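The values are calculated or read from the model by the stated rules, or taken from the named source; none is laboratory data. Owing to the predicted nature of the structure, the values given are computational and were not obtained by experimental measurement. Here the Cβ positions follow ideal geometry from the backbone for every residue, glycine too, while neighbour counts run over all protein chains shown. Ligands, DNA and RNA are excluded from the accessible area calculation, which covers all protein heavy atoms including side chains. Shrake-Rupley method; radii C 1.70, N 1.55, O 1.52, S 1.80 Å.
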Amino acid sequence: MKTRIILVLATLFLTANFGFAQQDEECMLNLTLMSDFVKSKKYDEAYEPWMKVRNKCPKFSYAIYAYGEKILKHKIKNSTSQEKLDYIKDLMLVWDKGMEYYPSKYDTGEVLSDKALLMYDNQKEMGLNDKQIYDAFDKAYTQDLKNFTSAKGLYVYFTKIVDLFKAEQAPIQDVFNKYDDVSEQLETINADFTIKLNKLIAKEETGETLTKNEGKYKPFYQKSLVANGKISGSLDTYLGQLANCENLIPLYQKDFPTYKNDAVWLKRAVSRMYNKECTDDPLYIELVKAYDATAPSADTKYFVATILYKQNKNKEGDDYIKQAYELETDVFKKGRLAKKIANGYKKRGSYGVARNYYREALKLNPSDGTPHLQIAAMYAKSANNCGDTNFNKRAVFWYAAKEALKAGRVDASMKSSAQQAANSYNANAPTKSEIFQAGNAGTTISIGCWIGGSVTVPNL
């Protein structure tokens, strides 16, 4: 009686979770045993009933493949030599059969990148060379880029082309191309996460409570953005000195006549030379002009502006910057562009204009806390110019601290740096004894100059 109850309950569970339809009793029994063991993380015990059900009735339930993956990953982790290789081979087969029998449950790009990562993690045991690992990731990239979203997979994919170049098995142009490919894919993934995260933040700001699922996804998006940011930094580190002006300039000089009308090539060449500060070379100006002539866009107007600024033609540069901002239609890119423009004005000391663009960046991407820190830094730097008395000047640091703390509230990854900045600003604000001597605790101080705000003196 007890066994029959277990079977009935298992049927209900598997029907709800894996689309199970009742067929053969023996398959049902083995599937139930496998399921119970897997849920208890007894993967070794689950192996035998799993093998029975997959061999006798491979189309019986999606659970065969979802749970089979967990079982085999455990086996691979806890085995060696030929036994481990057999389990690796079997996991590859499980993915293939899972895609064959339950195609709606799998994405090609994800499976191919998982296979490539399995090969990479076991490269030595499988006797694979770097070219074979690279080709495995390249298959995921070329066949289903949309679902090739593994940050680790993208990083390894790039490192392998660098390794092939160092082994004289690939040209340096392939390295730069793949850097751009991977960077653009990471940017696409981040844009998707950012848009989804911003919707949740906007919902919270209206006073609504996130659903249980939304509450789980919010930290997932935040952690993913932080992790992908680290991966992007690792790409630059691995690329190292290969992408320096000494290598870039002769390479682009050689290829420019061939690609002078290729907008994608020009965009990548201009972006890399700008990011690597190779902008003093006359080639950079040629590339920017060709890029703007071939495909006028927000990007081209921005790069033209950078040239004009270097020539101290700030007014003309500002005109192009405004054109760049107006031409950009992608929300994620527009937010990044607003921050770039703001950084430029901040560097020139045009704090009021810089703040406007930082605020635009916050509207477009409210989950990015860096604009708050930049605004706070400008407030702190202007403290000496925005008050009529020494006390009121130093009161600006309270205002700066308040702005800095906003960064940690909207961006979990910045809580520590936001608090450190706020502590630093508060340390420069009037002390309790100075508040007591001034006798103005709890009063409001108006802040002049470009800041144009007010701050309340803390109560003692």
Take the alpha carbon gyration tensor of the stretch 90-193, find the square roots of its eigenvalues, order them as a ≥ b ≥ c, and report rounded if a/c is under 1.5; if not, report prolate when a/b exceeds b/c, else oblate. oblate
Rounded, prolate or oblate: which fits the stretch 259-324 when a ≥ b ≥ c are the square roots of the eigenvalues of the alpha-carbon gyration tensor, with rounded for a/c under 1.5 and prolate only if a/b beats b/c? oblate
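Let me check something: with ligands and nucleic acids excluded, how do Thr444, Thr209, Thr389 order by accessible area (1.4 Å probe), largest to smallest?
Working: Thr444 90, Thr209 115, Thr389 60 Å².
I get Thr209, Thr444, Thr389, largest accessible area first.
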Helix 130-143 sits at what angle to the longest principal axis of the chain, using alpha carbons and giving 0 to 90 degrees rounded to 10? 80
Hz values of 3J(HN,Hα) by residue in the stretch 186-193 - Karplus curve (6.51, -1.76, 1.60), Gly and Pro given as x: 4, 5, 5, 4, 5, 4, 5, 4
Rolling a 1.4 angstrom probe over the protein chains, ignoring ligands and nucleic acids, what is the accessible area of Asp90 in square angstrom, nearest 10? 30
Report, in whole Å, the centroid distance computed from the Cα atoms of the stretch 202-272 and the stretch 129-147. 19
Projected onto the charge dipole of the stretch 223-311 (unit charges on the beta-carbon of Lys, Arg, Asp and Glu, signs +1, +1, -1, -1), the Cα from Tyr238, Val288, Ala305 with the largest positive-side position is that of Tyr238
Rounding to the nearest 20 debye, state how big the charge dipole of the stretch 294-336 is about its Cα centre with +1 on each Lys and Arg Cβ and -1 on each Asp and Glu Cβ. 140
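Write down the accessible area per residue of the chain in Å², having rolled a 1.4 Å probe over the full set of protein chains.
On the way: 24280 Å² over 460 residues.
Solvent-accessible surface per residue comes out at 53 Å².
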Using the Karplus curve 6.51 cos²θ - 1.76 cosθ + 1.60 with θ = phi - 60°, work out ³J(HN,Hα) for each residue of the stretch 300-310 in order, rounded to whole Hz, and write x for Gly and Pro. 5, 5, 5, 5, 4, 4, 4, 5, 4, 5, 5
Given the Cα-Cα distance of Glu48 and Glu205 and 0.36 nm per residue of separation, how much length would full extension add, in nm? 51.3 nm
Classify the chain from the C-alpha gyration tensor, please: rounded if a/c falls under 1.5, else prolate or oblate depending on whether a/b exceeds b/c. oblate
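So what is the relative contact order of the chain, in percent, for Cα pairs below 8 Å that sit 6 or more residues apart? Write out the running numbers ahead of the final one.
Values: 513 pairs, mean separation 31.0, N = 460.
Answer for the chain is 7 percent.
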Cα-based helix-to-principal-axis angle, 151-166 vs the chain, degrees rounded to 10: 90
Surface share of carbon and sulfur [accessible, 1.4 angstrom probe, percent] for the chain: 50
Accessible-area value, Leu405, 1.4 Å probe, nucleic acids and ligands omitted, Å²: 60
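Largest first, how would Phe158, Phe397 line up by accessible area (1.4 Å probe)? Walk me through the numbers on the way to the answer.
Values: Phe158 0, Phe397 35 Å².
So, going from the largest accessible area down, we get Phe397, Phe158.
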Mind checking the stretch 268-330 for GluC sites (Glu not before Pro) that DSSP puts in a loop (not H, G, I, E or B) and that have at most 14 other Cβ atoms within 10 Å? Glu277
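Among the listed pairs Lys347/Lys381; Lys289/Lys322; Lys52/Lys73; Lys146/Lys196; Lys178/Lys218, which are separated by more than 21 Å between their Cα atoms? Write down the numbers at each step before the final one.
Details: Lys347/Lys381 12 Å; Lys289/Lys322 18 Å; Lys52/Lys73 18 Å; Lys146/Lys196 17 Å; Lys178/Lys218 31 Å.
Over 21 Å apart, Cα to Cα: Lys178/Lys218.
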Could you compute how much accessible surface Asp330 exposes when probed at 1.4 Å, giving the result in Å² to the nearest 10? 70
What's the angle, to the nearest 10 degrees (0 to 90), between helix 108-121's Cα axis and the longest principal axis of the chain? 90
Which distance in nm do the two modelled labels at Val331 and Asp192 give, with both placed 7 Å along the Cα-to-Cβ direction? 1.6
